[in-house]
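Student: Sharing a structure below in C-alpha cells format, with a few things to ask.
The values are calculated or read from the model by the stated rules, or taken from the named source; none is laboratory data. This structure is a prediction, so every number in the text was calculated from the model and none was measured. Note: ideal-geometry Cβ built from the backbone for every residue, glycine included; neighbour counts use all protein chains shown. Ligands, DNA and RNA are stripped out before the accessible areas are found, and what is left, the full protein with its side chains, is counted by its heavy atoms. Shrake-Rupley method; radii C 1.70, N 1.55, O 1.52, S 1.80 Å.
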Amino acid sequence: MQLVFDEYFKIYPVKKRIVEGLYASGISIVNEKFYLNNIEIPLSSIATTLKVNRRTLYETIKFVNKNPVVKEIMENVSVLPDTKKISLLMKNEVVTIFIDKGMYFKVVPEIMRILEKQMSNIKEIYSINSDYETSFIRLIFYNEVEEEVFKKFNNVTGINKILIDSPREIDVICDKCEIKICPHKISTSFKEHSIYK
C-alpha cells in the first residue's frame with residue numbers, strides 16, 4: 001500500500017500523511033465522510049487527531065475522490081481488532097517473532113514446521129510481510145508454549161527477536177527472547193473451563 005501512496009501523493013506530503021494516518025487507523029473515506037468500520041467519525045475529531053485543519057481534510061477528501069485507485073483503497077479500509085491485550089487477560093500467551101528484511105518467506109514456513117505439534121494450542125496467527133515496516137508473525141496460544149519450541153526458534157536464520165507476552169513469570173528461554181509479564185488476568189486457563197471438561 002505504501003507504494004501506492006508514495007506514487008499518488010509524492011508532491012502532496014501533508015495529504016499523504018493524512019491518508020497514511022487514516023489507513024493505519026483503519027478509517028475509510030466513503031461519500032466524503034470518515035468511518036471506523038460502519039461508525040461515522042466527525043471530521044473535527046480527525047482534524048484534531050491528525051493535527052491538521054478542516055480545510056486540509058476537505059482538500060484531501062477531494063483529492064482521494066478524484067483518483068480512482070486511491071478512492072477504491074480508502075473506501076474499503078477497515079480495522080481489525082487487536083486481540084493481543086485481551087488475550088493476555090484471558091491467560092493466553094502471545095509470541096511475536098520479528099523477521100529480518102527479505103527473510104519472511106524462509107522464516108514463516110520454518111516456524112509453522114516447528115509448531116506442527118502445537119497447532120491445537122494456537123488461538124490466532126497474524127502476520128505482516130512488509131518492505132517498509134518490520135515483518136513479523138504473531139502467535140496467540142491458549143496456554144504456555146513449551147520451552148523446547150523457543151529453543152528451536154532461536155536456531156532459525158532470519159529471526160531477529162522473539163517477544164513473549166505472558167500472563168505468568170517465565171525465565172528467559174533463548175538468546176533472541178524478550179519477555180514481558182502481564183500481571184492482570186480475568187479468566188481461568190481455557191483447559192480448566194467447564195465447557196472443555
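Student: Give the number of residues within segment 129-141 that are open to solvent by less than 70 Å² (accessible area, probe 1.4 Å) and either modelled with pLDDT under 90 or part of a helix (DSSP H, G or I) (or both).
Tutor: 1
Student: Moving on to the next point. Does residue 150 satisfy the condition of being open to solvent by less than 60 Å² (accessible area, probe 1.4 Å), under 30 Å from residue 6 (Cα atoms) and of a type in the set (Phe, Trp, Tyr)? Spell out the reasoning first.
Tutor: On the way: open to solvent by less than 60 Å² (accessible area, probe 1.4 Å): yes; under 30 Å from residue 6 (Cα atoms): no; of a type in the set (Phe, Trp, Tyr): yes.
Against the criterion (open to solvent by less than 60 Å² (accessible area, probe 1.4 Å), under 30 Å from residue 6 (Cα atoms) and of a type in the set (Phe, Trp, Tyr)), residue 150 does not qualify.
Student: Same structure again: Hey, residue 164 hits all of (1) modelled with pLDDT of 90 or more; (2) more than 30 Å from residue 28 (Cβ to Cβ) but one; which does it fall short on?
Tutor: It fails just one condition, (1).
Student: Could you please find all residues in segment 91-127 being modelled with pLDDT under 90 and open to solvent by less than 70 Å² (accessible area, probe 1.4 Å)?
Tutor: Those that are modelled with pLDDT under 90 and open to solvent by less than 70 Å² (accessible area, probe 1.4 Å): 91, 92, 93, 118, 121.
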